[in-house]
1. Specify the residue that is farthest from B:Y78 (Cα to Cα); the eligible residues are those in the range B:374-406 that are open to solvent by 50 Å² or more (accessible area, probe 1.4 Å) and free of Cβ contacts under 8 Å to residues at least 60 places away in the same chain.
2. Is it true that some residue in the range B:25-39 is open to solvent by 70 Å² or more (accessible area, probe 1.4 Å) and assigned to a helix (DSSP H, G or I)?
3. Could you list all residues from the range B:310-365 that are part of a loop (DSSP other than H, G, I, E, B), under 15 Å from B:K397 (Cα atoms), touching a residue at least 40 places away in the same chain (Cβ under 8 Å) and not β-branched (V, I, T)?
4. In this structure, is B:T98 closer than 19 Å to B:M289 by Cα, under 21 Å from the mean Cα position of the chain (by Cα) and either within 13 Å of another protein chain (Cβ to nearest Cβ) or not hydrophobic (A, V, I, L, M, F, W, C) (or both)?
5. Consider B:E265 carefully, then state whether it is acidic (D, E) and either under 22 Å from B:I171 (Cα atoms) or open to solvent by 40 Å² or more (accessible area, probe 1.4 Å) (or both).
6. Filter the range A:4-23 for residues that are crowded, with 18+ Cβ neighbours inside 10 Å and within 13 Å of chain B (Cβ to nearest Cβ) and give the result.
7. Any idea how many residues of the range B:45-97 are in a helix (DSSP H, G or I), small (G, A, S) and farther than 26 Å from B:I33 by Cα?
8. For B:N312, work out the one condition from (1) away from chain A (no Cβ under 14 Å); (2) modelled with pLDDT of 90 or more it doesn't fulfil.
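The values are calculated or read from the model by the stated rules, or taken from the named source; none is laboratory data. Keep in mind that this is a model prediction, so the values were computed, not measured. Positions of Cβ are backbone-derived with ideal geometry, glycine not excepted, and every protein chain shown enters the neighbour counts. All accessible areas refer to the heavy atoms of the entire protein, side chains included, with ligands and DNA or RNA removed. Shrake-Rupley method; radii C 1.70, N 1.55, O 1.52, S 1.80 Å.
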Amino acid sequence: MILQFDFSSDVPIYAQIRNQVVEGIANGDLEPGEKLPTIRSLASEAGINMMTVSKAYQLLKSEGYIETDRRQGAVVKLPTGVKKLTESSINQLSIIASEAKIAGMSESDFIEMCKQVYEKGSDGK
Amino acid sequence: MTAMMIFTITAVLILLIQFIVMRSNAKPRKNIILGVTIPYTEFENPEVSVIIKEYKRALSVCFIISLLTIATFFISDYFSVNATIFFVWIVLMLLAYTLIWVKYNKKLKELKVKKNWGGVKKTIIDTKVTMEIGVNLSVWWFLLPFAIALIPVVLVFVNGRGAMEALIYIIMSGTVLLFMGMFALLKRQRAEIVGSNTSVNALLTKVRKKYFAYMCFVSAVMTGFFSVFIWFSIENSFLGIIGGGIFAALIIIFAMYTEFKARSEQRKISEKSGAEIYADEDDNWIFGMFYHNPQDNHIMKNERVGTGMTVNLAKPGGKIAAALSVLLIMLLPLMGVLIMQQEFTPISLSFEGDVLVSTHVGEEYRIKLEDIEDIEILDKLPMASRIVGTGMENLQKGLFSVEGYGRCEICVNSKNPPFVVVKTEGTTYILGAQSGDEAQLVYNKVTEAVK
C-alpha cells in the first residue's frame, strides 16, 4: 500500500499515517494479518522522527486497527466488537455536516456524497 | 614525458566517462529525463525530443573542444606548468558540462510547468517495500580482502622497511575498510518508490542494492590484491606505473559496468511504471542534481538514477560535505602552483659548522660530520626508482631505490650534476645543489674536514 506524506499540510504527520492506514484497511489495500513496516524503517523511509511513527502506531493500536508484537512488529487487524463510531469520529462527522449545511448542500445530496465515499472504501473488500 | 602521457590518458578517460554518463542521463529512467520527472506517456513528446537533441549536441561540442584542448598539456618544458594546466582543464571541463546540464534541465522544467505535467509531490512510501530488502552478501566477506591488504602492513614492520612505506599499506587497508563501510550503508539505503506498483518498486530497490554491493565488494578485493602488488613492485617504478594503471582502469571499468547495468535494468523495469501514480521529487532537487529537502532528516540520499548516493544540502552535515567536495575541486589548480614551487625552487647544499645541510621546499637533511662514513662525487645519477617522494624531470626528492646503492634519500636535480653521495650508518644520501660548482665546493669542504 502507498502512504503519502504531505509536509505542507496542517494535518500532523502521525495523523496522516493513522488516517491512511485506516483508509487502507477499509479499501482492502491492507488486509488483516498484513505486516506494516517497522517504526524504524518507516521513519527512515519517510525521513521523519521515529517518535512520530510510534505515536501513529500507538493510536492505531489503541483504536484496535493494529496489534504490535516485539518479534512480528505491527500487524493489521480488523477491530472486533466495534458496533458504532467513536465519539471523536462522530464529532468530526458533525463538523463536516455543518460545513456542508453552511455551503448550501441539501440533506439528500450530503447523504449521497457520504454513500459514494463509503462505497469507495468498500470496493476493496 | 611519462608523466604527461599519464595526464593525457587520465584526461581522456575523465572526459569519456563524463560524456558517457551525461549522455546516458538523456534516457528516461524512473520517469526522469535530464533530472526532470515527467509522465512516461510524454517521453516521446516532440518538444521533449527537441530539448534532448539540443542537449546531446551541446555535449558533443563540449567533448570535442575539451579533447582538442588537451594539446595544451604539452606547451611547456616544465612538468609543474603542464600539471597546472591539466588541473585547470579539469575544473573548466567539469564546469562546462555542469552548465550544459543546468541549461537543459531548466528548459525541460519550464516545459513541464507549461504543460502541467506534475506528479504526486508528496513523499511516497510503499508499505511492502522498505529498506529492509537486503542482498545475498554478508559484510563479513569483506574481512577476506582486508586480511589480504594487511599482509604488506605486517611484512613492512617485520622487514623494518620504514614508516613512509608502511603508511602506503595502511592507507590501502583503510580503503578496504572504507568499501566495507559503504556496503554497510546499504542497510540504510531507502527503497526505490516510483509509483503504486509494488513489484516495480521492489525490483528497483533490489537492482540498486545488488549493483552497489557488487561494486563495493569487487573494489575491496581489487584494492587488497593491489596492496600486495605494491609490496612486490615498490622498487620498480615502471612496474608500479603499469600496475597502478591497470588497477585504476579495472576499478573504473567495473564501476562503470555496475552503474550502467543498474541504469539499464532500472530503465527496463520502470518503462511502464507509475501508470496511476508516480513520485515527483523535482522540487527537492536543485537543477535535478543537488538534493535539498529540509523535511528529510537524512544526510545521505540515493541518487535519482544509478547506484550512487548524494548528500542533503538542507542538513549541516550535507552542506559541509558538499562544500568540501567543491573546495577540493577548486583547489586542484592550487596544487599545480605548489608543484611549481617545488620544481622552480633551487636545491640548497651547504657545509657549515661540521654539518652538511641539504634544503629544499619542505625538506631538510642535516648530516653531522661525525656520522659520515664515506663520501664520493658522481658525474651522473645512476638508475633510480622512486619509492616514496617526488620524481619530476627537474627534481628527484625522497626515498629512491638506486642502482648500486640500494635505498637512498635523494634530493637532486638530475640535470645539474655532479651529485654528492654521503653514506652514514643507517642511510645513504645522494644530494645535489643549485649548480655543479656549488656541489663540487661542498664535496671538497666535507672531504677536507673528514681528513
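1. B:D374
2. Initially, the range B:25-39 is screened for residues open to solvent by 70 Å² or more (accessible area, probe 1.4 Å), giving B:27.
Next cut, assigned to a helix (DSSP H, G or I) only: none.
No, the range B:25-39 contains no residue that is open to solvent by 70 Å² or more (accessible area, probe 1.4 Å) and assigned to a helix (DSSP H, G or I).
3. Narrowing the range B:310-365 to residues part of a loop (DSSP other than H, G, I, E, B): B:313-315, B:331, B:345-347, B:353-354, B:361-362.
Restricting the remaining residues to those that are under 15 Å from B:K397 (Cα atoms) gives B:345-347, B:361-362.
From what's left, touching a residue at least 40 places away in the same chain (Cβ under 8 Å): B:346-347.
Correct list: B:P346 only.
4. Details: closer than 19 Å to B:M289 by Cα: yes; under 21 Å from the mean Cα position of the chain (by Cα): yes; either within 13 Å of another protein chain (Cβ to nearest Cβ) or not hydrophobic (A, V, I, L, M, F, W, C) (or both): yes.
Against the criterion (closer than 19 Å to B:M289 by Cα, under 21 Å from the mean Cα position of the chain (by Cα) and either within 13 Å of another protein chain (Cβ to nearest Cβ) or not hydrophobic (A, V, I, L, M, F, W, C) (or both)), B:T98 qualifies.
5. So B:E265 fits the description; yes.
6. Result: A:F5, A:I13, A:Q16, A:I17, A:Q20, A:V21.
7. 3
8. Every listed condition holds for B:N312 apart from (1).
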